[in-house]
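Visitor: Just dropping this structure here.
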Ligand SMILES: Nc1nc2c(ncn2[C@@H]2O[C@H](COP(=O)(O)OP(=O)(O)OP(=O)(O)O)[C@@H](O)[C@H]2O)c(=O)[nH]1
Ligand SMILES: [Mg+2]
């Protein structure tokens, strides 16, 4: 139905009009096509209490006057109740709140109007069609409001990305991170780095121009070198963290693994609060990798259930075991599950030796794989009985059956995921996109060329290239294709 409505609106905006359609056209209305004014439904689609329709562009004031009675524009940024009617027929459409945001003090920097109408489909379609009939107005394309805000310097590119992430945020941590980026934290950091480079460049250029001159203070080049060195350290630290920000955007890979029948699928179902996997007392129930996106203690995660790890079974289960091992290698965090009442069994011992112990050990490159060991079925242990096994590495006790120990597990997951994804509540601004990583890496590469440069002109050029990458990160000089890619994330009306 909405597709049909859109066609109607587009027709109303561009199609032929009857002589009556211009009846209420006030003088001074901008000619269609010259600096188009866009309009769209900005709230979610479907039946709702209130729907927000907005316009942006030079004809916004004219659109307001054409649809409302009384026909004056309300005071800036004040909500006023108005009767809305179709400018072509005078037919009443709704009684609604309208707002007027004259540019440049508006979201897009242009004149904007908002109509807060009752959210029934007939009201929304009536107002959209009425707006489409106002000369100079056309339906907005996806992300066009935000693109105009960017074009008028209201938002930097990193802020635009923050806004897109905020609209798509599904977990608390994603929302925090997106808000910080929308507030411009990453942009500020990049601008301060770019300023450092501008200073270093000024020093190098001063030396090129006045190197022989006695008036130039001592140590100018050394100062530029030390500024570049400090910047290299800062960029390096951020790049090492880059994977975290991307995990926060797209979800950390959390793999549930363990011997057969330990309760892995029961845990996946408990954490995702839905029956993702089949649970049965028969060992070897899960054979494929089953993935489900979940909100784990406020962090986004892709939770994978896997086949129980054991040898000497049929070819289908063997393939499941091979896939489980493959997943374990790619995991950002392993949730290792053992049956607390069955720790002495060969499959439990084997899993401890093959998966749990190696994950704790440091690999040659200094990194270790994150792992949380969960001893499930704690309800089967005798109350007040001995510790399940004092030799087992640090672990959490849980019963998927009773839910006991779940709060402790969620708290441990929150801490682990804050390390894996970065904690947007406390940490430095995160690099959430491959684009950010690319520009920082290119900046760092250019600083490497600065250090190797055989003459000062080449050194200065390397600094200019490095600074260019930081400027492009926040949006100066972005190519059209990159902008298209970023704005494609938005819906119509934003
Ligand atoms: N008593 C008790 N039984 C549990 C608990 N968690 C799971 N079970 C039972 O243990 C059996 C195996 O559970 P699953 O979740 O299918 O175990 P799994 O590790 O996925 O098993 P496979 O897919 O075969 O490797 C089922 O009968 C569950 O009901 C628990 O906390 N306490
Ligand atoms: Mg299973």
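The values are calculated or read from the model by the stated rules, or taken from the named source; none is laboratory data. Everything numeric in this text was worked out from a predicted model, so none of it was measured. Here Cβ is always computed from backbone atoms with ideal geometry, including for glycine, and neighbour counts include all displayed protein chains.
Visitor: Here are some residues: 268, 321. Which one is within 13 Å of ligand 1 (Cβ to nearest atom), under 30 Å from residue 166 (Cα atoms) and either at pLDDT below 95 or buried (at least 20 other Cβ atoms within 10 Å of the Cβ) (or both)?
Guide: Numbers: 321 fails: under 30 Å from residue 166 (Cα atoms).
Unique residue meeting the criteria: 268.
Visitor: Turning to a different aspect of this structure: Conditions first: (1) out of contact with any strand residue (DSSP E or B) (no Cβ under 8 Å at 6 or more places or on another chain); (2) loosely packed, with under 15 Cβ neighbours inside 10 Å; (3) farther than 16 Å from residue 348 by Cα. Residue 330 passes all but one, so which condition is the exception?
Guide: Against the list (1) out of contact with any strand residue (DSSP E or B) (no Cβ under 8 Å at 6 or more places or on another chain); (2) loosely packed, with under 15 Cβ neighbours inside 10 Å; (3) farther than 16 Å from residue 348 by Cα, residue 330 comes up short only on (1).
Visitor: Considering only the stretch 343-360, how many residues are in contact (Cβ under 8 Å) with a residue 24 or more places away in the chain and part of a helix (DSSP H, G or I)?
Guide: Looking only at that region, the number is 11.
Visitor: Kindly provide the set of residues from the stretch 239-255 that are surrounded by fewer than 20 Cβ atoms within 10 Å (Cβ to Cβ) and assigned to a loop (DSSP other than H, G, I, E, B), ordered by number.
Guide: The one that is surrounded by fewer than 20 Cβ atoms within 10 Å (Cβ to Cβ) and assigned to a loop (DSSP other than H, G, I, E, B): 241.
Visitor: Let me ask you something else. Looking at the structure I just gave you, is residue 309 crowded, with 20+ Cβ neighbours inside 10 Å and within 11 Å of ligand 1 (Cβ to nearest atom)?
Guide: Against the criterion (crowded, with 20+ Cβ neighbours inside 10 Å and within 11 Å of ligand 1 (Cβ to nearest atom)), residue 309 qualifies.
Visitor: Mind checking which residues of the stretch 135-174 are part of a helix (DSSP H, G or I) and surrounded by fewer than 19 Cβ atoms within 10 Å (Cβ to Cβ)?
Guide: 151, 166, 167, 168, 172 - these are the residues of the stretch 135-174 that are part of a helix (DSSP H, G or I) and surrounded by fewer than 19 Cβ atoms within 10 Å (Cβ to Cβ).
Visitor: If I filter the stretch 276-289 down to residues being in contact (Cβ under 8 Å) with a residue 24 or more places away in the chain and more than 6 Å from ligand 1 (Cβ to nearest atom), which single residue comes out as surrounded by the most Cβ atoms within 10 Å (Cβ to Cβ)?
Guide: 277
Visitor: Okay, moving on. Let me spell it out: the conditions are (1) within 30 Å of the chain's Cα centre (by Cα); (2) within 16 Å of ligand 1 (Cβ to nearest atom); (3) buried (at least 17 other Cβ atoms within 10 Å of the Cβ), and residue 258 meets all of them except one. Which number is the exception?
Guide: With (1) within 30 Å of the chain's Cα centre (by Cα); (2) within 16 Å of ligand 1 (Cβ to nearest atom); (3) buried (at least 17 other Cβ atoms within 10 Å of the Cβ) applied to residue 258, the lone miss is (1).
Visitor: Being under 30 Å from residue 246 (Cα atoms) and touching a strand residue (DSSP E or B) at 6+ places or on another chain (Cβ under 9 Å) is true for just one of 101, 145, 115. Which residue is that?
Guide: Only one candidate qualifies: 145.
Visitor: OK, next. Can you tell me which condition residue 236 does not meet? The list is (1) surrounded by fewer than 19 Cβ atoms within 10 Å (Cβ to Cβ); (2) more than 17 Å from residue 433 (Cα to Cα), and all the others hold.
Guide: (2)
Visitor: So how many residues does the stretch 91-124 have that are buried (at least 20 other Cβ atoms within 10 Å of the Cβ) and more than 28 Å from residue 154 (Cβ to Cβ)?
Guide: Going through the stretch 91-124 one residue at a time, the tally reaches 2.
Visitor: When the stretch 458-490 is examined, which residues are found to be assigned to a loop (DSSP other than H, G, I, E, B), buried (at least 17 other Cβ atoms within 10 Å of the Cβ) and modelled with pLDDT under 70?
Guide: Correct list: 478, 489, 490.
Visitor: Would you be able to tell me the number of residues in the stretch 293-308 that are more than 11 Å from ligand 2 (Cβ to nearest atom) and modelled with pLDDT of 95 or more?
Guide: 2
Visitor: Do we have residue 348 as in contact with a strand residue (DSSP E or B) (Cβ under 9 Å, 6 or more places away or on another chain), under 23 Å from residue 381 (Cβ atoms) and within 14 Å of ligand 1 (Cβ to nearest atom) here?
Guide: It is true that residue 348 is in contact with a strand residue (DSSP E or B) (Cβ under 9 Å, 6 or more places away or on another chain), under 23 Å from residue 381 (Cβ atoms) and within 14 Å of ligand 1 (Cβ to nearest atom).
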